[in-house]
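Beneath this line is the structure, given in structure tokens, with notes to follow.
The values are calculated or read from the model by the stated rules, or taken from the named source; none is laboratory data. Note that the structure is predicted; figures quoted are calculated from it, not measured. So basically every Cβ, Gly included, is an ideal-geometry build from the backbone, and we count neighbours across all protein chains shown.
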Amino acid sequence: MRKEAERDREKREEDPYTGIVQPKPKARPEVLCQEVSDGCVLFDPEAEKVYVFNPSAAFIWSCCDGEHGREEIASALVDALGEGAPAGEQLAKDVESSLAEFERLGLFVTA
């Protein structure tokens, strides 16, 4: 039981600004992703919808495995963009905005 509780805590993270504990974003496994030259295309068979993501959104999507928290995703995106990355606070807002949109579209596993 204790190990199960530890694993559950590992799947959540505390927002440093609000103190609210949020689950680490995890893509629904049935959502199909195809990388393309300028981002990716997702197909949600449940909703029967297709979504096209730009390269930054595609990168963020690729990190939504339930193992990476919001800060880790933002940090990885900074590393991927290199010197072309926006300022840290703006990039964090962009990541949060993308994650909120993915959630709004119903692309994440819900607890």
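Filter the range 57-72 down to the residues that are at pLDDT 95 or above and more than 18 Å from P29 (Cβ to Cβ), then identify the one that is surrounded by the most Cβ atoms within 10 Å (Cβ to Cβ).
A57
Could you tell me which residue of the range 60-73 is farthest from L107 (Cα to Cα), considering only residues that are assigned to a helix (DSSP H, G or I) and in contact with a helix residue (DSSP H, G or I) (Cβ under 6 Å, 6 or more places away or on another chain)?
Ranking the qualifying residues of the range 60-73, first place goes to I73.
Among L77, L99, which is within 20 Å of V41 (Cβ to Cβ) and modelled with pLDDT under 95?
After applying the criteria, what remains is L77.
If we scan the range 38-47, do we find a residue that is within 15 Å of F102 (Cβ to Cβ), assigned to a strand (DSSP E or B), in contact (Cβ under 8 Å) with a residue 24 or more places away in the chain and within 9 Å of the chain's Cα centre (by Cα)?
no
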